[in-house]
Every structure is written in structure tokens, then in C-alpha cells.
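The numbers here are math on the coordinates, done by the rules we state, and not lab data. This one's a predicted model, so the numbers in the text were calculated from it and none came from an experiment. Virtual Cβ from ideal backbone geometry, glycine too; neighbours counted across all protein chains shown.
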Ligand code: UDP
């Protein structure tokens, strides 16, 4: 259908949480994401790496806000992303996908360490790569980690799946401003100068400096993840 592509998908941790209970992981949602990824990969030649967030379990700023050491609290957040990556791995394998979790914090009994060349080799062998523990450094987010990994593995595009009900980049927050309009495409410079919240600023400037386009789309409606991965022009392209 379309040419060969290598992409990184950033999936926020909160997207995996249950909307109807206190559970940090909703098995039904995780299964649906896994199914849509499997469907997209049977439709086209797609090398896919996923950076999984951890906000459904812990965020470093929460601990720091109540007096914890920031680096310790961030490490807790990174460990949360490993739990999410393992859940997604399990669901993907149930859908027949060969996968590898690569962690930025070594835990040899659980997953392989992140090694750039090994990540690329897994992709070439048609395995879905799941990046866990962000980039392994406190004070960063998984958005920035996704951008870094995408550049390292020379991905064509970074997909940023949102979960807050906003399906792209708008001129203002559409949840508060009825006149807000969605951009089909926007430049990095405009995102920065207009202070539009797409990803954190570190991630945006990294992508700008490295010429890495970002497609922002709503992860939550049924079928959207499959459509985005299949190359449909949904959401907003930042480049
Ligand atoms: N984190 C970190 N370094 C990284 C990636 C993540 O310290 O390279 C920590 C940080 O505390 C963050 C938490 O892990 O709050 C969970 O990641 P994030 O907030 O990006 O998850 P998401 O919002 O995507 O669910």
C-alpha cells in the first residue's frame, strides 16, 4: 500500500489507564492498542518503535512537589514506564507480534538494555521495539526521550498520540476557546513562538534542531491509531 517506513510512536501512560475505575492499566484499552498496531503492520511495511510513558503510575514532579528528591522521584516515574511497556508487550505478543522491550535503565532479568544498533537490528527483523525507562536520566520526559530515540534510529516521523480529547494542534485550547481552529500542518517555529502545547518544549526544540517531523493525533477514538500508523493524514503535522 505505501512505501517502507520507520516510525516512533509516543504513547502517554495515561492513555493506558482506565477511565472508569482506579486501575492504572485498562486491559481492554491495552488490547485495543495492540490490535490496532498489529492491523497496521499487516497492512504495510512498517518498522515500529514505541516509547511508552508512565504518567498513569507516577510523575517525577508529583514527588518533587511534596518534598521528595527530584531525581529519585523521576527514577520512580521511569520504572513506571517499564510496567506499561511490559503490559503492551504482552498484548502485542497475543496479537502475533514479535516484540522486544529495551530499557534505558539496566534490568537484565526483565528486558534487554537499550543499545542503538540493537534497536535498529530488531526493527529490521520485523520486531516491534518498546522503549522503556525513557532515556534513563531524571529531569526529562518520555516525550523528549521519544524524540531522542527517533533521531537515533533515524525514524521518518514521530507520532505523538494524545489522550486529552484534543485531536491535533489548535490555534488555542479548543476545550476553552470555541473559536480555536486546528492546523493540518504547522512549523516548529510557530509552535514555539505561539506557545502551543504539543509536547514539552525540550522535545519540540530537539525535533526542530534535528528536522524530525511530528504528527500529533488523538490516540483514543477506535481506529485512530491504526489510521495514523497506516499513513492517513489525521491530526496535525509539525515540521
Ligand atoms: N522520566 C524521567 N526521565 C525520562 C523519562 C521519564 O525522569 O527520560 C520520568 C519523569 O518523572 C516522568 C515520568 O518518568 O514524569 C513518566 O514519564 P512521562 O511523564 O513522560 O509519561 P507520560 O506523560 O507520557 O505518561
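Observations on the structure shown:
- Neighbour-count ranking [beta-carbon atoms within 10 angstrom, fewest first] of 123, 79, 212: 79, 123, 212
- Three-way shape label, segment 73-185, alpha-carbon gyration tensor, a/c 1.5: prolate
- Residue with peak Gaussian network fluctuation, the chain [Cα springs, cutoff 10 Å], from 12, 20, 187: 20
- A straight chain from residue 125 to residue 156 at 0.36 nm per residue would run longer than the Cα-Cα distance by 9.4 nm.
- Segment 196-237: C-alpha gyration tensor shape, a/c 1.5 cut-off, then a/b vs b/c: prolate
- Structural descriptor for segment 1-132: relative contact order 26 percent, calculated from alpha carbon pairs under 8 angstrom and at least 6 residues apart.
- Percent RCO, i.e. relative contact order, over segment 67-156, from Cα pairs under 8 Å lying at least 6 residues apart: 32 percent
- Average Cα contact separation per residue, segment 6-83, under 8 Å, 6 or more apart, as relative contact order %: 34 percent
- Kirkwood Rh (inverse of mean 1/r, distinct Cα pairs), the chain, angstrom: 17.9 Å
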